[in-house]
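The next block holds one structure in the form of structure tokens; read it before the comments.
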Amino acid sequence: MKALDKETAIARMNTFGRNGTPFLFVIDYMQEHSYVEPLDGIDASVCLYQFRGTGNAPDAGARYAGTIDWEFTPPAPADYRRSFDTVRRNLLGGNSYLTNLTCKVPLRTNLTLKDVFLHSHALYKLWLKDRFVCFSPEIFVRMEEGRIKSFPMKGTIDATLPHAESILLDDAKEAAEHATIVDLIRNDLSMVSEHVTVASYRYIDRLQTNKGPILQTSSEICGMLPGDYTKRLGDILFSLLPAGSITGAPKPRTMQIIAEAEGYERGFYTGVMGCYADGRLDSAVMIRFIEQENGQLYFKAGGGITAQSRWESEYNEVIQKIYVPIY
């Protein structure tokens, strides 16, 4: 698999779509490096994928019989608060309405990247040998039969807490964050489609993790694509990037704030991955992500910050998201 620049990746996706060639795509957060490969040309010894039960790893999802060692070093609270304060200062200054702040957490586990891929339960999974594994619950966009749909996911809580669902739905900060993202994604879809509507707003998803169940809220947004959309898959997809749910609003200024506050390179974390086949494009935001660097594993995680956010709550939410869905 060869990494492509943005222009080459767009052209390759357009060509594959025009010719009806099934393909896999993986695009990093900054859209500087992409993989766009025909499905029949993927080497399973270096790349495994499974998106909604379809992929090149028939044994993916097999139950893990052993014990899981899972230790991580969370960010020092003072370091996280410095990043948080940078974001909040910009929010209060009117430079952003919502900013997604993430961090890079050293991880120690007896699981290999491939173990995580094979045994985790997630809608979308991808493994690149000696690079990273992603096990994402978040759909980015789906295109099928002339329609495009997006499902932004914002708001997380421990499902074992008493009245967890009500607490999550009634949380003013979470409600404001979700509303902002839905508005942003609706505007994004309006750039590539018509008659954009919010089909379902703030419904609850329940996810199982190795640390117990969590609840998350999502919405569904739909639009009508132009008749020639399969010939312009690359142009359409890249015009929506980076995903609004992992940047914030407005995107360009918020990305500058993210670069200032985070102090590390996201790489493929919070990019998008997906495939196109039989006239259908399916994709996911690359959250829930473990990366390998020089033999060390890192879990990358984060969440949305608004002017109403408290740094302690956001810090705890990051820690809650450092899990693998193996059970």
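The values are calculated or read from the model by the stated rules, or taken from the named source; none is laboratory data. None of the values given here were measured: they were computed from a predicted structure. Backbone-built Cβ (ideal geometry, glycine too); neighbour counts: all protein chains shown. Only protein heavy atoms, including side chains, enter the accessible area calculation; ligands, DNA and RNA are left aside. Shrake-Rupley method; radii C 1.70, N 1.55, O 1.52, S 1.80 Å.
Odds and ends about this structure:
- Members of the stretch 6-35 found to be within 19 Å of the chain's Cα centre (by Cα), in contact (Cβ under 8 Å) with a residue 40 or more places away in the chain and crowded, with 18+ Cβ neighbours inside 10 Å, listed by number: Leu24, Phe25, Val26, Ile27, Asp28, Tyr29
- Within the stretch 252-275, tally of residues that are without any contact (Cβ under 8 Å) to a residue 40 or more places away in the chain and among the hydrophobic types (A, V, I, L, M, F, W, C): 2
- The set of residues in the stretch 150-161 being modelled with pLDDT of 85 or more and either within 17 Å of the chain's Cα centre (by Cα) or open to solvent by 70 Å² or more (accessible area, probe 1.4 Å) (or both) consists of Ser150, Phe151, Thr160, Leu161.
- Flag for Ala122 being open to solvent by 10 Å² or more (accessible area, probe 1.4 Å) and in contact with a Pro (Cβ under 8 Å, 6 or more places away or on another chain): yes
- Condition broken by Val105, with the remaining ones in (1) modelled with pLDDT under 95; (2) touching a Pro at 6+ places or on another chain (Cβ under 7 Å) satisfied: (1)
- Residues considered: Arg147, Arg131. Of these, the only one that is over 20 Å from the mean Cα position of the chain (by Cα), open to solvent by 40 Å² or more (accessible area, probe 1.4 Å) and of a type in the set (Lys, Arg) is Arg147.
- Scanning the stretch 151-172 for residues that are part of a strand (DSSP E or B) and either among the aliphatic types (A, V, I, L, M) or in contact with a Cys (Cβ under 8 Å, 6 or more places away or on another chain) (or both) yields Met153, Ile157.
- Among the residues making up the stretch 80-98, those that are surrounded by 12 or more Cβ atoms within 10 Å (Cβ to Cβ) and of a type outside the set (A, V, I, L, M, F, W, C) are Tyr80, Arg81, Arg82, Ser83, Asp85, Thr86, Arg88, Arg89, Asn90, Asn95, Ser96, Tyr97.
For every residue, the table says whether it meets (1) of a type in the set (Phe, Trp, Tyr); (2) in contact (Cβ under 8 Å) with a residue 40 or more places away in the chain.
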position	(1), (2)
Asp130	no, yes
Met153	no, yes
Ala159	no, yes
Pro162	no, no
Gln208	no, yes
Leu225	no, yes
Tyr229	yes, yes
Arg232	no, yes
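- Among residues of the stretch 200-246, those that are under 24 Å from Arg280 (Cβ atoms), among the charged types (D, E, K, R) and either out of contact with any strand residue (DSSP E or B) (no Cβ under 6 Å at 6 or more places or on another chain) or part of a helix (DSSP H, G or I) (or both), counted: 4
- Some residue of the stretch 276-294 being in contact with a helix residue (DSSP H, G or I) (Cβ under 7 Å, 6 or more places away or on another chain), within 30 Å of Glu144 (Cβ to Cβ), open to solvent by 20 Å² or more (accessible area, probe 1.4 Å) and in contact (Cβ under 8 Å) with a residue 40 or more places away in the chain: yes
- Exactly one residue out of Lys114, Lys104 is touching a residue at least 60 places away in the same chain (Cβ under 8 Å), closer than 30 Å to Lys129 by Cα and assigned to a helix (DSSP H, G or I): that is Lys114.
- Of the residues Lys173, Lys211, the single one that is modelled with pLDDT under 90 and under 26 Å from Leu113 (Cα atoms) is Lys211.
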